[in-house]
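The values are calculated or read from the model by the stated rules, or taken from the named source; none is laboratory data. All of these numbers come straight from a predicted model, not from anything done at the bench. Cβ: placed from backbone, ideal geometry, glycine included. Neighbour counts: every protein chain shown.
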Amino acid sequence: MKKKIIFILIESAKRELNSKTLLALRALNKNYRVVIGHKGTIWSIFNKCNPGIVLLKSFGPKNTDTINLLKKKKFKILSNDEEIILAWDMNERIEYRMNNENLNKIDVLLTVGDTDSNEIKKQFPKLLNKTKKVGNIRLELLKKKNRSLLDDETDNIRKKHGNFILFTTQFGRVNIIKRSEKSIDFVFSRVIDDKADPESAHILNVNNQISMQREILLQTIKFLDNFEVNFPNKKIIISPHPVENKLFWEDYISKRKFKNIILNKDNLISINSLINASDLVISSNSTSLLEAYLLDKKIINFLGKKTRLVEIDFLKKISNVVRSADELVNILNSENNIKKIDKTPDMAKTIKNLEYDYDAIDELINVFSDIKHVESFESIFISKKTNKIFYLKNFFREFKNLVKKLIKFKRNTVYDDLYREKIGDKLSYKSFYKKVNQINKIEKIKNLKFTQLIPKVFLLDKE
């Protein structure tokens, strides 16, 4: 049967897998075929595929060659920018993240709410008819109707750790994994490698952000050094941001010989499951506070002593703000005073997901349906021979992966570490098959067809 094809790319399994798998399954009910898998691996097969709709996570300069190929082959390109859920300066964020040669090649630009939509239309008026406000599909998983998808991981975490405070650290500017011996920090990489203006608003903001993170990290160490004395019956799990250097935290915890402060070393536990299992969440200017808010958790926003421009106002509205280690100790000593902030109508203007009875996944599928001039095909591949070639490639790659596993082969470059942090084994056949069946308990699709095209890339269809 001829069907339209949707290609869904995953960059970080721990952040995107649940929501994008749910999107894929729901699209099957609208008579689409779906190719879903690791971003870089799907890129490698586009030139063999019939054109369809491609959902990108971003469209920066590193994506230019792929976007040019997609345009040449008449694919339809949808993209949001995952980094613009919230921002301290939406004008500067959009200028920095979106003002590049690929912007006008996008067929549909997806936005989160009024704040980013209005700024995009202001900066790029030609995109007026290309912009669609849908919210963020990842946030849909945090609503009560979908939270059962977190149950298994949540239960396992609670069995292992019992009651705990979760501290999701946000020190990616000062405790970053260095990708090159030549780099100093993010600011100088932007100035040297990307030729950013040293006096631009972007560089000013990042310098401000670095200053804030250094101050908060020092206060965090002061707080943690005294945590077991101040709270002998409490436990903290530290979960660093994915770009942070975990060795810093391992070394610190080891030298202090903490008993009740634990580092989350499991790269592939969903941050949402950790939040869901916790009693309380502490973070600093991080969107994990938004996720905790949507999961109905008490949240503390640990900021610097002085107010800075790079503080995100929306996060301050939904959280209990403290500005020193001493204030954090005081509020934890009186947990009954940690308020849960009620939703207000104006919040939905910033994040459309917060509208009553709204579903961003359904809305995104409506956007797919509205795209004109998308052809239907019997197969995802241009040539029938490609199916056989991919079958053979799949067999040999699986054999190679098995051999690597048996001999315990492991590369240890920075990029390999980042891959393990973002994907791990979540897109292995066994793991992803289990995930699809788990999520299908919500969607209840009968006659679901699951095929691995090559390792880390799958075809989902409905017979």
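Observations
- Only one entry of Ile36, Ile42, Ile77 meets the criterion of being crowded, with 17+ Cβ neighbours inside 10 Å, among the hydrophobic types (A, V, I, L, M, F, W, C), touching a residue at least 24 places away in the same chain (Cβ under 8 Å) and farther than 27 Å from Asp194 by Cβ, and that entry is Ile36.
- The stretch 217-247, subset closer than 21 Å to Glu327 by Cβ and among the acidic types (Asp, Glu), residue surrounded by the most Cβ atoms within 10 Å (Cβ to Cβ): Glu228
- Condition met for Lys130 (touching a strand residue (DSSP E or B) at 6+ places or on another chain (Cβ under 9 Å), closer than 16 Å to Ser79 by Cα and free of Cβ contacts under 8 Å to residues at least 12 places away in the same chain): no
- Any hit, the stretch 222-240, residues being in the same structural domain as Glu335 (by TED's automatic domain parsing), in a helix (DSSP H, G or I), within 22 Å of Lys265 (Cα to Cα) and free of Cβ contacts under 8 Å to residues at least 12 places away in the same chain: no
- Check on Asn333, in contact with a strand residue (DSSP E or B) (Cβ under 8 Å, 6 or more places away or on another chain) and closer than 25 Å to Ile221 by Cβ: no
- Listing of helices (runs of 4 or more DSSP H) fully contained in the stretch 31-131 that carry 2 or more residues being among the hydrophobic types (A, V, I, L, M, F, W, C) and closer than 20 Å to Ile10 by Cα: 39-43, 64-72
- Criterion violated by Asp266 - all others in (1) in contact with a helix residue (DSSP H, G or I) (Cβ under 6 Å, 6 or more places away or on another chain); (2) surrounded by fewer than 19 Cβ atoms within 10 Å (Cβ to Cβ) satisfied: (1)
- Filter result for Leu166 (modelled with pLDDT of 95 or more, aliphatic (A, V, I, L, M), in contact with a helix residue (DSSP H, G or I) (Cβ under 9 Å, 6 or more places away or on another chain) and more than 25 Å from Asn100 (Cα to Cα)): yes
- Total residues in the stretch 45-63 satisfying the condition of being surrounded by 22 or more Cβ atoms within 10 Å (Cβ to Cβ) and small (Gly, Ala, Ser): the figure is 1.
- Of all the residues in the stretch 271-297, those that are more than 18 Å from the chain's Cα centre (by Cα) and not in a strand (DSSP E or B) number 5.
- Looking only at the stretch 298-329, and only at residues there that are in a loop (DSSP other than H, G, I, E, B) and small (Gly, Ala, Ser), the one that is surrounded by the fewest Cβ atoms within 10 Å (Cβ to Cβ): Ser324
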